[in-house]
Amino acid sequence: MRLILVGPPGAGKGTQAVHLASHFSIPHISTGDIFRLNIKGETELGLLAKSYMDAGNLVPDSVTNDMVADRLTHDDAKSGFLLDGYPRNIDQADFLKAVLEKSNTPLDAVLEFKLENAEIIKRLSGRRVCRGCGATSHVIFDAPKVSGICDSCGGELYQRPDDAESVIANRLAVYAEQTEPIINYYKSSGLLKTISAVGDVSDIAASAIAALK
């Protein structure tokens, strides 16, 4: 099974990626992991990416593309893979398509985990973190016994700056701007399958697996 996962922040895409990769016995490949491995291993591509990052610049698509293409040649990806966080634009999607066509290993599906913005904001803005032990809770879904106090250590619970509603709204706007072209790209090719991200983790995973049959 060769899959791509897309979904807005807060839709639980990362959790579903772990479930699906395990179910299909395929590697979960995220661009973040690829970057870290290449930089830590001081590969040629890793050193090149690090030079851009150290200068405060975005890593060019060409470098990211080459890292992904290299990762897909590893033995564990020969029988399938799950890509998370790639492609992020049409140029990357075109590159990936060419790589897979060359090896005669086309994509099976692109799973879009869909959740309304209001629900995403409720999920993310309600998260609280303990200043003492770092444990997380949620004002609605996992409320502490005493408001503002960590159940684990009694420390103060606080809202991280990136969990503020205004920041989340901006992240969602960026996601929509960057990802909508990708969603339409795969929809037009008949590969897109949209899964509701509402409900229990196991139920959502079951829906995704059923959509791939």
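Output the residue which, of all residues in the stretch 77-90 that are at pLDDT below 95 and surrounded by fewer than 18 Cβ atoms within 10 Å (Cβ to Cβ), is farthest from SER62 (Cα to Cα).
Among those residues, the one meeting the criterion is SER79.
May I ask you to list pairs of residues, at least six apart or on different chains, whose Cβ atoms are under 9 Å apart, with the first in the stretch 173-200 being at positive phi and the second being in a strand (DSSP E or B) and crowded, with 17+ Cβ neighbours inside 10 Å?
No pair meets every condition.
Is it the case that THR179 is modelled with pLDDT of 95 or more, under 18 Å from the mean Cα position of the chain (by Cα) and polar (S, T, N, Q)?
The answer is no for THR179.
How many of the residues in the stretch 91-107 are within 18 Å of the chain's Cα centre (by Cα) and either more than 18 Å from ILE209 (Cα to Cα) or surrounded by fewer than 16 Cβ atoms within 10 Å (Cβ to Cβ) (or both)?
Residues that pass the stated criteria total 3.
Return the residue satisfying two criteria in turn: it lies in the stretch 17-30 and is surrounded by 14 or more Cβ atoms within 10 Å (Cβ to Cβ) and not aliphatic (A, V, I, L, M), and of such residues it is modelled with the lowest pLDDT.
In this case the residue turns out to be SER30.
Return yes or no: is ASP33 surrounded by fewer than 19 Cβ atoms within 10 Å (Cβ to Cβ), assigned to a helix (DSSP H, G or I) and within 13 Å of the chain's Cα centre (by Cα)?
In short, yes.
Can you tell me which residue among ASP66, ASP75, ASP94 is closer than 23 Å to LEU191 by Cβ and acidic (Asp, Glu)?
None of the other options fit; the residue is ASP94.
Here are ASP61, ASP70: which of them is closer than 20 Å to THR179 by Cα and surrounded by fewer than 19 Cβ atoms within 10 Å (Cβ to Cβ)?
Within the list ASP61, ASP70, the selection yields ASP61.
Taking the condition of being small (Gly, Ala, Ser), closer than 17 Å to SER125 by Cα and modelled with pLDDT of 95 or more, how many residues in the stretch 148-176 meet it?
The total comes to 1.
Out of everything in the stretch 48-72 that is assigned to a loop (DSSP other than H, G, I, E, B) and at pLDDT below 95, what residue ends up being farthest from the chain's Cα centre (by Cα)?
Filtering the stretch 48-72 for residues that are assigned to a loop (DSSP other than H, G, I, E, B) and at pLDDT below 95, the one farthest from the chain's Cα centre (by Cα) comes out as ALA55.
Sort out which residues of the stretch 1-16 are surrounded by 18 or more Cβ atoms within 10 Å (Cβ to Cβ) and either within 8 Å of the chain's Cα centre (by Cα) or not in a helix (DSSP H, G or I) (or both), and write them in order of number.
Once the filter is applied, which keeps residues that are surrounded by 18 or more Cβ atoms within 10 Å (Cβ to Cβ) and either within 8 Å of the chain's Cα centre (by Cα) or not in a helix (DSSP H, G or I) (or both), the stretch 1-16 yields ARG2, LEU3, ILE4, LEU5, VAL6, GLY7, PRO8, GLY10, ALA11, GLY12, LYS13.
Got a number for residues in the stretch 123-164 being of a type in the set (Val, Ile, Thr) and over 29 Å from the mean Cα position of the chain (by Cα)?
Looking only at that region, the number is 2.
The values are calculated or read from the model by the stated rules, or taken from the named source; none is laboratory data. Being a predicted model, the structure only gives us computed values, none of them experimental. Quick reminder, even Gly has a Cβ in these numbers, built from the backbone with ideal geometry, and neighbours come from all protein chains shown.
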